[in-house]
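Input: a single structure, listed below in structure tokens.
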Amino acid sequence: MRILICSGAGIDYYKSWPDYVQATGLHEAGHQVSLLCYQVPRSPFPQMRCRKSLMEGIRVWRVKPHRHGLSPGILLALLQQKRPDVIRIHDPKNRLGFLLAWAGNILKIPVVFTPHGLLHDSYIVENTEDPLAGKIAFESAIFRLKEVARSALKDGRFFDHYMNFRMHSAFSKADAIIALSVFEKSLCAQFLGAGKPVKVIPNGILLEFIKKCVRRDHEVMEDGRWKMEDL
């Protein structure tokens, strides 16, 4: 199967990222995996500056992300490779995922989406540091452009409503949603209604990699992300 995975700029360096674990695991299982990531021309890391590269045998395509998510390089990257059988998106905040979900719909390619950080979405929770302490306002999410226009006509905050739409439109464009837990599946059901299939698949980890990173004092993680010196 040909699988296109959307990721961030640092996938070559953060081996704890779920998209890295998924990409390398699928590649080892014999699937044809490619990655679409941010290009960062001024990055101190050489791989992030390249438009095309290889990561452990996986072809990586990099596109400069426009601030507003309008990155035409996505379509060029799609046209330059074999048509994928499925598009995999991992993060609502990924500026490439926004357009990739739309492109998948236009090209009739199935899109599967994992909404990492669903309860850290400032558009639907009052307190992202303690999301369950307050109200979860799923109705505040914007899924369609006409909702952006309607909301902007009421209060004039077009850019804010557009950013809301950019973050959430992949939910409506995805053919299936992957939740990381049974609890998150119940949240997705409230968020999206009953019409969208939601499956529970927890994130995997690279156990051998983690064992290599563990210090004697066991302080290897900070805010849920690996420190650069641990890599």
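The values are calculated or read from the model by the stated rules, or taken from the named source; none is laboratory data. Keep in mind the model is a prediction, meaning the values are calculated, not measured. Note: ideal-geometry Cβ built from the backbone for every residue, glycine included; neighbour counts use all protein chains shown.
Any idea which of 105, 94 is touching a residue at least 60 places away in the same chain (Cβ under 8 Å) and closer than 15 Å to residue 35 by Cα?
94
Given the structure, is residue 65 over 17 Å from the mean Cα position of the chain (by Cα) and over 15 Å from residue 88 (Cα atoms)?
Details: over 17 Å from the mean Cα position of the chain (by Cα): no; over 15 Å from residue 88 (Cα atoms): yes.
Answer is no for this residue.
Which of the numbered conditions does residue 87 fail, given that it passes all the others? Conditions: (1) farther than 27 Å from residue 59 by Cβ; (2) outside any helix (DSSP H, G or I); (3) of a type outside the set (D, E, K, R).
The one condition residue 87 does not meet is (1).
Output the residue which, of all residues in segment 112-168 that are among the small types (Gly, Ala, Ser), more than 22 Å from the chain's Cα centre (by Cα) and not in a helix (DSSP H, G or I), is modelled with the lowest pLDDT.
134
Cβ-Cβ below 6 Å, separation at least six or inter-chain, first residue in segment 9-23 and more than 16 Å from residue 54 (Cβ to Cβ) and part of a loop (DSSP other than H, G, I, E, B), second charged (D, E, K, R) and at pLDDT 80 or above: which pairs?
Short answer, once both residue conditions are applied: none.
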